[in-house]
Amino acid sequence: QVQLVESGGGLVQPGGSLRLSCAASGFTFSSAAMGWYRQAPGKQREMVADITSGGNTNYADSVKGRFTISRDNAKNSVYLQMNSLKPEDTAVYYCNAVRIYNPNVIWGQGTQVTVSS
């Protein structure tokens, strides 16, 4: 069963940190490009960060220097370290996977991140 399961969301004060995890199963993780997206209430889903199978990373301008995406192929997992969090980072965060030779993108169920004092 192809699946992505996110965890690590929660409530944090401005300036705080959170680490999101996404556990993958049912496909060849090491050859997939992985990404984190987020969707705030009333807004479109937007890319936050992504990482290729080779480890190249890409970030949205709004999170550069604060967020770090990484992957552990041995654990079939991708992570998002979020530092210096701001209220505008509040959103549901989703993990996705893009497999080679397969146009169907896999999405997780999402994890809520709320940044508030």
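Nothing in this text is a laboratory measurement; each read-out follows from the coordinates by a stated rule. All of these numbers come straight from a predicted model, not from anything done at the bench. Virtual Cβ from ideal backbone geometry, glycine too; neighbours counted across all protein chains shown.
What is the dipole size for the chain, taken about its Cα centre, with +1 at each Lys and Arg Cβ and -1 at each Asp and Glu Cβ, in debye to the nearest 20? Please list the in-between numbers first.
Numbers: 10 positive and 7 negative charges, 10 e Å.
Dipole of the chain, to the nearest 20 debye: 40 debye.
Sorted by packing (mean other beta-carbon atoms within 10 Å per residue), highest first, where do 97-103, 4-10 land? Mind showing how you got there, number by number?
Working: 97-103: 12.7, 4-10: 17.1.
So the order, starting with the most tightly packed, is 4-10, 97-103.
Remind me, relative contact order of the range 56-117 in percent, using alpha carbon pairs under 8 angstrom and six or more residues apart? Walk me through the numbers on the way to the answer.
Working: 66 pairs, mean separation 15.8, N = 62.
Contact order relative to length: 25 percent.
Of the options 51, 73, 39, report the single residue whose Cα projects farthest towards the positive end of the charge dipole of the range 1-78 (beta-carbon charges: Lys, Arg +1; Asp, Glu -1).
Going by the Cα projections, it comes out as 39.
Expressed as a whole number of Å, what is the distance separating the alpha-carbon centroids of the range 1-33 and the range 36-52?
The two parts, judged by their Cα centres, are 13 Å apart.
Once the Cα gyration tensor of the chain is found, what semi-axes does its equivalent ellipsoid get, as square roots of 5 times the eigenvalues, in whole Å, sorted largest first?
Working: eigenvalues 112, 38, 33 Å².
Each semi-axis is √(5λ); the values are 24, 14, 13 Å.
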